[in-house]
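Engineer: Here's a structure for you.
Since every read-out is calculated from the coordinates, none of them should be taken as a lab result. What you are looking at is a predicted structure, and each value in this text was computed from that prediction instead of being measured. We place every Cβ from the backbone using ideal geometry, glycine too, and count neighbours over all the protein chains shown.
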Amino acid sequence: MELQNPESINKRPSLLTTNEQINNFYDQGYFVIKNLFNRKEIQEISLAFDRLQEIALTLKTTQEFMGSQFVVEGTRIDRIVWMAGAEPSLLKFGEDARLLKPVSQILDINQFDQLICQGHYKLPGDKVKFDWHQDCQHRGYGDVHWKDVDGKGSYVQTLMAIDEVTLDNGPVMFVPTNTKLGYIGLDKHPNPLELFDINKAEPVLMQPGDVAFFSPYSIHGSAPNNSNKPRRVFINGFAYPGANSKQYPGYGSGRRVYLKSE
Ligand SMILES: O=C(O)CCC(=O)C(=O)O
């Protein structure tokens, strides 16, 4: 997709994210903005998650359905990819300035390709976990589908808490890492724990509406939910235009979104 330059996206909007947070993104791999979305909005997203959960539980096997990809096995929901296919009500959150402003400051551009609109449910007892990884592994870094056009990762992942994230329900753990390190090959190493210091991992505890912003080079993972309540998060991810040439699953995935001036 070609870069467009409509007048509405020429002007820089007022900045929301502090220099310290932007520095943290590159020096530590992530930062969190508290209370970015309010309870009413989180309730709306939560109801959309509930509707998709009902569908997921009827499907029982992994498949694309109604424009979303449901990664499920029986009652275990690993993830729902491009949720907005089956739930277009979620599209507006992926183009919300509260997500796009910080992303714009990080990538220094006002338009992005939205590759991810994904739900992780982590329901009690489902044992869903995410092994230590860097998101660049999933974006296709190093193969023909990815070009690091800004030389700094060209991608920002955002993760919004829908439920409270506590120590016992499988919080995302980030290992503070300077993103200059780049891809470290966790997926190719027989013992990935030799590649970083697990003792430095920081659990990110969140309230509904808090949002974490993190780099494709950030080292992170999460353990299963050991509580009796769901730990659901809503993930939206944005690539620098021209970086990605892979078609992701889901109807409308990879759409171009714009940060409009105020
Ligand atoms: O939902 C989680 O616990 C993991 C999220 C994650 O690893 C990611 O978004 O890359």
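Engineer: Can you give the FRET efficiency for Gln247 and Asn23, using 1/(1 + (r/R0)^6), R0 = 35 Å, r = Cβ-Cβ distance, to the nearest 0.05?
Structural biologist: After rounding, the FRET efficiency stands at 0.55.
Engineer: So, one more: Between Asp50 and Val144, what is the label-to-label distance in nm when each label sits 7 Å out along the Cα-to-Cβ direction?
Structural biologist: Distance between the two pseudo-spin positions: 4.7 nm.
Engineer: Where the centre of each part is set by its Cα atoms, how far does segment 50-90 sit from segment 118-166, in angstrom?
Structural biologist: 18
Engineer: Which order do Ser89, Ser227, Ser253 fall in if you start with the one that has the fewest other Cβ atoms within 10 Å?
Structural biologist: Least crowded to most crowded, the residues run Ser89, Ser227, Ser253.
Engineer: Could I ask something else about it? Provide, in order from the shortest bin, the percent of all Cα-Cα pairs of the chain in each 5 Å bin, continuing until the bin that contains the maximum pair distance.
Structural biologist: 1, 6, 13, 17, 20, 19, 13, 7, 2, 1, 0
Engineer: Something else about it: Once you put a point 7 Å from the Cα of Met66 and another 7 Å from the Cα of Lys34, both along the Cβ direction, what distance in nm separates them?
Structural biologist: 3.6
Engineer: Lys and Arg at +1, Asp and Glu at -1: add these up for the other residues within a Cβ distance under 14 Å of Thr166 and post the number.
Structural biologist: Local net charge: 0.
Engineer: Also, quick follow-up: If each of Ala97 and Ser261 carries a label point 7 Å out from its Cα toward its Cβ, how far apart are those two points in nm?
Structural biologist: 1.2
Engineer: Which whole-number percent gives the relative contact order of segment 25-244, counting Cα pairs below 8 Å spaced six or more residues apart?
Structural biologist: Relative contact order, segment 25-244: 34 percent.
Engineer: Filter the chain for me: DSSP H helices, axial length by Cα at least 15 angstrom, mean Kyte-Doolittle hydropathy not below -0.5. List them by residue number.
Structural biologist: Helices meeting the span and hydropathy rule in the chain are 39-59.
Engineer: If each residue of separation counts as 0.36 nm, what is the full-extension length gain between Thr75 and Asn228 once their alpha-carbon separation is subtracted?
Structural biologist: 53.5 nm
Engineer: When the gyration tensor of segment 108-262 is built from Cα positions, what are the square roots of 5 times its three eigenvalues, in whole Å, from largest to smallest?
Structural biologist: Ellipsoid semi-axes (Å, largest first): 26, 20, 14.
Engineer: Same structure again: Mind giving me the FRET efficiency for Gln43 and Ala201? R0 is 35 Å, r the Cβ-Cβ distance, nearest 0.05 is fine.
Structural biologist: Result of the calculation: an efficiency of 0.65.
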